[in-house]
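J.: One structure follows; several queries about it will come next.
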Amino acid sequence: MQVSQQDFEKAKDQLKLLKVDPGNEVKLKLYALFKQATQGPCNTPKPGMLDFVNKAKWDAWNSLGSLPQESARQQYVDLVSSLVSSESSSHVKENPPDSKSGYETIEVFTEDNITKIVLNRPKMKNAISVKMYEEIMEALEEAAKDDSVITVLTGSGDYYCSGNDLNNFANVSAGGIKEMADNGAKLLKNFVKHFIDFPKPLIAVVNGPAVGISVTVLGLFDVVYSTDRATFHTPFSNLGQSPEGCSSYVFPKIMGLAKATEMLLFNKKLTAAEACSVGLVTEVFPDKTFQKEVRARLKAYASLPRNSLAISKQLLRSIEKEKLHEVNSQECACLKERWLSDECMNAVMSFLKKKSKL
Ligand SMILES: CCCCC/C=C/C(=O)SCCNC(=O)CCNC(=O)[C@H](O)C(C)(C)COP(=O)(O)OP(=O)(O)OC[C@H]1O[C@@H](n2cnc3c(N)ncnc32)[C@H](O)[C@@H]1OP(=O)(O)O
């Protein structure tokens, strides 16, 4: 069925009403589809190398080649519709269900026996600041005690999570870098411990790309659902760091040593389909129907008997618990050293410099 001009105009208006910035990649795609739909194939001169923004827009439009205007219009309407539906089915609601207040960096809702923890720094791709580490731990502690049957972790906006907020390394305390590394290692150990010890079924709803620690702790979740738009990236060597979240032990167990090595040593970024084929992800859904399909599954799981689920989880996990705590300690001790290394400091400085356009 062809998309009418009216549908196209409606999509244009809906886009303006989005509350969450969909991120540069999606915005470029929308720009390119809009230009193609309204003007046909790219016909303007290529901007100069230093005109970064216009060059990125030109590249996106030009990459559509001779895509017919009608198809571009259709893709534009579909993309806007998926953004609208993912926003309306995520936390960004006028009246969220039973939203627990007091958090700055996350939102927490309990509805239908499900406690949902939403990472909520979409402009920063949900990078985990020190405050966010603390709030996630607090929310997990509350979820462990509340009446819910299952607990869900997800992200707002176009990313699931971009991992550790690299600005955490920029705020060196009066005690100097060594004290910062000590505090970081303590924080990390405690953070990962909350996942190892979590008593109820814990489900990750990976709504977009995932980086660093948000990927490594996935091995400690009971179920991982992913949109087909997500990627899984642990760029530790690029950052002069080493793996955490018990991934040095859990990843080889899940996917075998060779695949774990590609990810954890050589920074291989997996697509959602690849992550599913190696066993890190339970099931992948098309982005357009992701929220709807996942919601149906979660609702069904949350109607199961609470105690039976919790006891079964303990049976599956308890044999490994001691080992996981030991691995967590070793990984944190190793990272503490890494953070003091030139390799790590140079990598972090280079990210922060690029960010501040120095
Ligand atoms: C204390 C416990 C430590 C635990 C150890 C944990 C280790 C890890 O998690 S290692 C992984 C760390 N994460 C990264 O290396 C990712 C860094 N970010 C990026 O590479 C990119 O931002 C991106 C690929 C995630 C997204 O790229 P893009 O789509 O081009 O979007 P922007 O880069 O423009 O991002 C928007 C905005 O957000 C800032 N940002 C994103 N992620 C982080 C981050 N992890 N730390 C700090 N800042 C981040 C980004 O700089 C942009 O900021 P503005 O320029 O101010 O808009």
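J.: What is the spin-label model distance, in nm, from E134 to K269 if the labels are put 7 Å beyond Cα along the C-beta direction?
T.: Distance between label points: 3.3 nm.
J.: Which loop chymotrypsin sites (Phe, Trp or Tyr not before Pro) in the range 196-270, with loop taken from DSSP, have no more than 14 other Cβ atoms within 10 angstrom of their Cβ?
T.: F266
J.: Let me ask something else. If R0 is 35 Å, what FRET efficiency do you get for L257 and A300 from their C-beta distance, rounded to 0.05?
T.: 0.50
J.: Assign one of three labels to the range 195-314, namely rounded, prolate or oblate, based on the Cα gyration tensor with a ≥ b ≥ c the square roots of its eigenvalues; rounded applies when a/c is under 1.5, prolate when it is not and a/b is larger than b/c, and oblate otherwise.
T.: Oblate.
J.: In the chain, what % of DSSP beta bridges are antiparallel (nearest 5)?
T.: Counting DSSP beta bridges with both partners in the chain, the antiparallel share is about 30 percent.
J.: Hey, another quick one. Residues with amide H under 5 Å of E111's amide H, sequence separation 5 or more or different chain, H placed in the peptide plane at 1.01 Å from N; which?
T.: K116
J.: Treat every Asp and Glu Cβ in the range 209-318 as -1 and every Lys and Arg Cβ as +1, leave all other atoms uncharged, and give the resulting dipole magnitude about the Cα centre to the nearest 20 debye.
T.: Approximately 340 debye in magnitude.
J.: Give the relative contact order (percent, whole number) for the chain; include only Cα pairs under 8 Å separated by 6+ residues.
T.: Relative contact order here is 15 percent.
J.: Picking from V281, V224, V26, which is most flexible by a Gaussian network model of the chain using Cα springs under 10 Å?
T.: Comparing V281, V224, V26 in a Gaussian network model of the chain, the most mobile one is V26.
J.: In whole percent, and with a 1.4 Å probe on the protein chains, what portion of the accessible area of the range 223-358 is carbon and sulfur?
T.: Answer for the range 223-358: carbon and sulfur cover 60 percent of the accessible area.
J.: Take the Cα radius of gyration of the chain and divide it by 2.2 N^0.38 Å, with N its residue count; two decimals is plenty.
T.: So the Cα radius of gyration is 1.05 times the expected 2.2 N^0.38 Å.
J.: Mind giving me the FRET efficiency for N43 and E179? R0 is 56 Å, r the Cβ-Cβ distance, nearest 0.05 is fine.
T.: With R0 = 56 Å, the Cβ-Cβ based efficiency is 0.45.
J.: Could you tell me which of A347, A333, S318 has its Cα farthest along the dipole of the range 317-358 towards the positive end, charges placed at Cβ (Lys, Arg +1; Asp, Glu -1), taken about the Cα centre?
T.: Positive-most Cα among the choices belongs to A347.
J.: Something else: State in Å² the accessible area per residue of the range 172-296; use a 1.4 Å probe, count heavy atoms of protein chains only, and round to the nearest integer.
T.: Counting only protein heavy atoms, the per-residue value for the range 172-296 is 38 Å².
J.: Also: Do the alpha carbons of any pairs in K29/K193; K19/K321; K27/K131; K57/K253; K35/K268 sit beyond 32 Å of each other, and which pairs?
T.: K29/K193; K19/K321; K57/K253; K35/K268
J.: Here's another thing I want to ask about it. Want the number for N238 to D59: 0.36 nm per residue separation, take away the alpha-carbon distance, what's left?
T.: So the chain would gain 61.8 nm between N238 and D59.
J.: Using only the Cα atoms of the range 149-191, build the gyration tensor, take square roots of its eigenvalues as a ≥ b ≥ c, and label the shape rounded, prolate or oblate: rounded if a/c is under 1.5, else prolate if a/b is larger than b/c, else oblate.
T.: oblate
J.: Another question about this same structure. Using modelled amide H (1.01 Å from N, peptide plane; none on Pro or chain starts), what sits under 5 Å from the amide H of R229, excluding residues fewer than 5 places away?
T.: Correct list: D287.
J.: Okay, next question. Distance from a point 7 Å along Cα→Cβ of D21 to each backbone N in the range 155-169: keep the residues under 17 Å and list them by number.
T.: Taking a point 7 Å out along Cα→Cβ of D21, the residues of the range 155-169 whose backbone N falls under 17 Å are 156-163, 165-167.
J.: Straight-line reach from K178: which aspartates and glutamates have Cα under 14 Å away, leaving out those fewer than 8 places along the same chain?
T.: Correct list for K178: E337, D342.
J.: Next question, about the same structure. Using alpha-carbon positions, what is the distance between the centroids of the range 272-290 and the range 228-256, in Å?
T.: 16
J.: Placing +1 at every Lys and Arg Cβ and -1 at every Asp and Glu Cβ, with all other atoms neutral, what dipole size does the chain have around its Cα centre, in debye to the nearest 20?
T.: Value, rounded to 20: 680 debye.
J.: In the range 131-201, if the dipole is taken from +1 on Lys/Arg beta carbons and -1 on Asp/Glu beta carbons about the Cα centre, which of T151, I196, G176 is farthest to the positive end?
T.: Positive-end residue among those listed: G176.
J.: While we're looking at this one, here's another question. Divide by every residue of the chain the summed helix terms, -39500 (n - 2.57) for each DSSP H run of at least 4, and state the resulting mean residue ellipticity at 222 nm, rounded to the nearest 500 deg cm²/dmol.
T.: Helix contribution divided over all residues of the chain: -16500 deg cm²/dmol.
J.: Provide the gained length on full extension for the span S71 to M345, in nm with one decimal, where the gain is 0.36 nm per separating residue minus the Cα-Cα distance.
T.: Difference between extended and current length: 93.9 nm.
J.: Extending each Cα 7 Å along its Cβ direction at L316 and T289, get the distance between those two points in nm, one decimal.
T.: 2.4
J.: For I106, list long-range residues whose amide hydrogen, built 1.01 Å from N in the peptide plane, is under 5 Å from its own amide hydrogen.
T.: For I106, the qualifying residues are N120.
The values are calculated or read from the model by the stated rules, or taken from the named source; none is laboratory data. Quick caveat: nothing in here was measured; it's all calculated off a predicted structure. Cβ atoms come from the backbone with ideal geometry, glycine included; neighbour counts cover every protein chain shown. To get the accessible areas, we keep the full protein, side chains included, count just its heavy atoms, and leave off ligands, DNA and RNA. Shrake-Rupley method; radii C 1.70, N 1.55, O 1.52, S 1.80 Å.
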